[in-house]
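The values are calculated or read from the model by the stated rules, or taken from the named source; none is laboratory data. These numbers were taken from a predicted model, which means no experiment stands behind them. Here the Cβ positions follow ideal geometry from the backbone for every residue, glycine too, while neighbour counts run over all protein chains shown. Surface accessibility is based on the protein's heavy atoms, side chains included, excluding ligands, DNA and RNA. Shrake-Rupley method; radii C 1.70, N 1.55, O 1.52, S 1.80 Å.
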Amino acid sequence: MTPLDLALITLDEGLKPYQSALGTDWVAYRNHCARVLHAFDSLVSDETAMRQAAVATIYHDLGIWTHGTLDYLDPSADLARDALVEMGEPGWVDPVVAMVVWHHKLRPYTGPHAEVAEPYRRADSADVMLGMVRYGIDADVLRAGRARFANAGFHKRLMQLGGRRFLRKPWSPLPMFRW
């Protein structure tokens, strides 16, 4: 089994407790997560980093659904932190939380754990941008990820959530972005 296959198993197991919170968005979110892992796998060859990314990916946007907000980075990081402690992996907290907290940074991330957080940021951003901006990821990798893991309305849902946030808080429409 490849590190990506193992990461996908971790993803599916980790998302099970959140199926009801995700509701009809479960497949869309799961497939977005799988596409992010697929792209990340093309950037990082370290098996431990792939396992950490699998955990980060479960939680990276989950606060949208569990906390009902687009200001979800801290709630998502808290969920990841709690899960890692429960899993007996407290040494992974800092790199995984860095992946979660900085995955919407608009500029390259160069802080602590950049060796995993920056490729993770690039993988997530490439998927959110539908591959129109590839962030150094091979176009064939992104195409293969989209072919293997259907969109299932993920980007449409992002537009709905963003539109709703804009109508309620036009002064802060996308609070998850970081400089």
Sorting PRO170, PRO95, ALA77 by the position of each Cα along the dipole of the chain (Lys, Arg +1; Asp, Glu -1; all at Cβ), the one nearest the positive end of that ordering is PRO170
Taking the solvent-accessible surface of protein heavy atoms with a 1.4 Å probe, what is the per residue accessible area of region 68-171 in Å²? 54
Place +1 on the Cβ of every Lys and Arg and -1 on the Cβ of every Asp and Glu in region 81-179, take the dipole about the Cα centre, and give the residue among GLY131, TYR120, PRO108 whose Cα lies farthest towards its positive end. GLY131
With all protein chains present, region 8-145 has a carbon and sulfur share of its accessible area (1.4 Å probe) in percent of 52
Among LEU37, ALA49, HIS67, flag the residue with its Cα farthest along the positive direction of the charge dipole of the chain, charges on Cβ as +1 for Lys/Arg and -1 for Asp/Glu. HIS67
When the dipole is taken about the Cα centre of region 16-150, and only Lys, Arg (+1) and Asp, Glu (-1) are charged at their Cβ, what size is it in debye, to the nearest 20? 500
From phi via Karplus (6.51, -1.76, 1.60), per-residue ³J(HN,Hα) for region 15-28 in Hz, x at Gly/Pro: 7, 3, x, 9, 4, 5, 5, 6, x, 5, 8, 4, 5, 4
Within the chain, helix-based [θ] at 222 nm, where runs of 4 or more DSSP H residues each add -39,500 (n - 2.57), nearest 500: -20000 deg cm²/dmol
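Pull out a ≥ b ≥ c, the square roots of the eigenvalues of the alpha-carbon gyration tensor of region 1-106, then state rounded if a/c is under 1.5, prolate if not and a/b is larger than b/c, and oblate in the remaining case.
Since a/c stays below 1.5, the shape of region 1-106 is classed as rounded.
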HN-Hα couplings for region 33-45 via Karplus (6.51, -1.76, 1.60; θ = phi - 60°), in whole Hz with x for Gly/Pro, come out as 4, 5, 5, 4, 4, 4, 5, 4, 4, 6, 9, 10, 9
